[in-house]
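What follows is one structure encoded as C-alpha cells, with my remarks underneath.
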Amino acid sequence: QVQLVESGGGLVQPGGSLRLSCAASGSIFSISVMGWYRQAPGNKRNMVATITSSNYTKYSDSVKGRFTISRDNAKNTVNLQMNSLKPEDTAVYYCHIVANSRSYWGRGTQVTVSS
C-alpha cells in the first residue's frame with residue numbers, strides 16, 4: 001500500500017506565497033507521474049501541475065508563471081511553490097501520484113487566500 005502525506009497549506013494574503021509538500025511512502029517500486037490538483041467549493045477537481053519522472057512539467061493556464069512544481073525522486077516527494085497567490089487560488093489542494101502503475105490521492109490540504 002502507498003500513503004501520501006501533504007503539508008504546507010494555510011491562510012495567506014493576496015500576493016503572498018506558500019509551499020506545499022507531499023511525501024509518498026509504502027511499497028513503492030516506481031513513480032511515474034506526480035502532481036497537484038485542487039477543488040474549490042462547488043467545483044470539480046482540476047489539475048494544477050504535474051511532473052513526470054523525467055521532469056517534464058505541465059501547468060494549468062491559471063497558474064503558469066506563478067506556481068512551480070518539483071520532485072525529489074530519492075525521497076519520493078513532490079512540492080508546489082505557489083507565488084503571487086490570488087483569492088481564486090483558494091481551494092483544497094490534493095497530491096496525486098501514479099506509483100506501481102496505480103493511482104493514489106492524498107487527503108488534501110486547505111489553501112485560503114484572503115486579506
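The values are calculated or read from the model by the stated rules, or taken from the named source; none is laboratory data. Just so we're clear, the structure is a prediction, and the values are computed from it rather than from any experiment. Here the Cβ is made from the backbone with ideal geometry for all residues, glycine too, and neighbour counts use every protein chain on show. Protein only, heavy atoms only, side chains kept; ligands, DNA and RNA dropped before computing areas. Shrake-Rupley method; radii C 1.70, N 1.55, O 1.52, S 1.80 Å.
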**Report entry** Contact order normalised by residue count of the chain, Cα under 8 Å, 6+ apart, percent
**Finding:** 37 percent
Query - Dipole magnitude of the chain, debye to nearest 20 (Cβ charges: Lys/Arg +1, Asp/Glu -1, about Cα centre) - result: 120 debye
**Report entry** Kirkwood Rh and Cα Rg combined as Rg over Rh, evaluated for the chain
**Finding:** 0.96
Query raised in the report: Carbon and sulfur atoms: what percent of the 1.4 Å accessible area of the chain do they account for?
Result: 47 percent
Query raised in the report: Which distance in Å, rounded to a whole number, links the C-alpha centroids of the stretch 75-115 and the stretch 24-72?
Result: 7 Å
Report task. Rank ASP61, ASP89, ASP72 by mean-square fluctuation in a GNM of the chain with C-alpha springs under 10 angstrom and give only the top-ranked residue. Result -> ASP61
Requested in this report: Report the paramagnetic label zone for ARG45: residues of the stretch 54-87 whose backbone N is under 13 Å from a point 7 Å from Cα along the Cα-to-Cβ axis.
Outcome: none
Query - Residue among GLN110, ALA23, SER53 farthest towards the positive dipole end of the chain, charges placed on Cβ - result: SER53
Query raised in the report: What translational D, rounded to a whole number of µm²/s, comes out for the stretch 52-115 from Stokes-Einstein when the hydrodynamic radius is the Kirkwood one over Cα pairs, at 10 °C and 1.306 mPa s?
Result: 119 µm²/s
Report task. At a Cα cut-off below 18 Å, give the aspartates and glutamates reachable from LYS64, other chains included and same-chain residues fewer than 8 away excluded. Result -> GLU88, ASP89
Report summary line: Within the chain, excluding any chymotrypsin sites (Phe, Trp or Tyr not before Pro) found in a DSSP loop (not H, G, I, E or B) and having at most 12 other Cβ atoms within 10 Å, the longest uninterrupted segment runs 57-115
Report task. State in Å² the accessible area per residue of the chain; use a 1.4 Å probe, count heavy atoms of protein chains only, and round to the nearest integer. Result -> 54 Å²
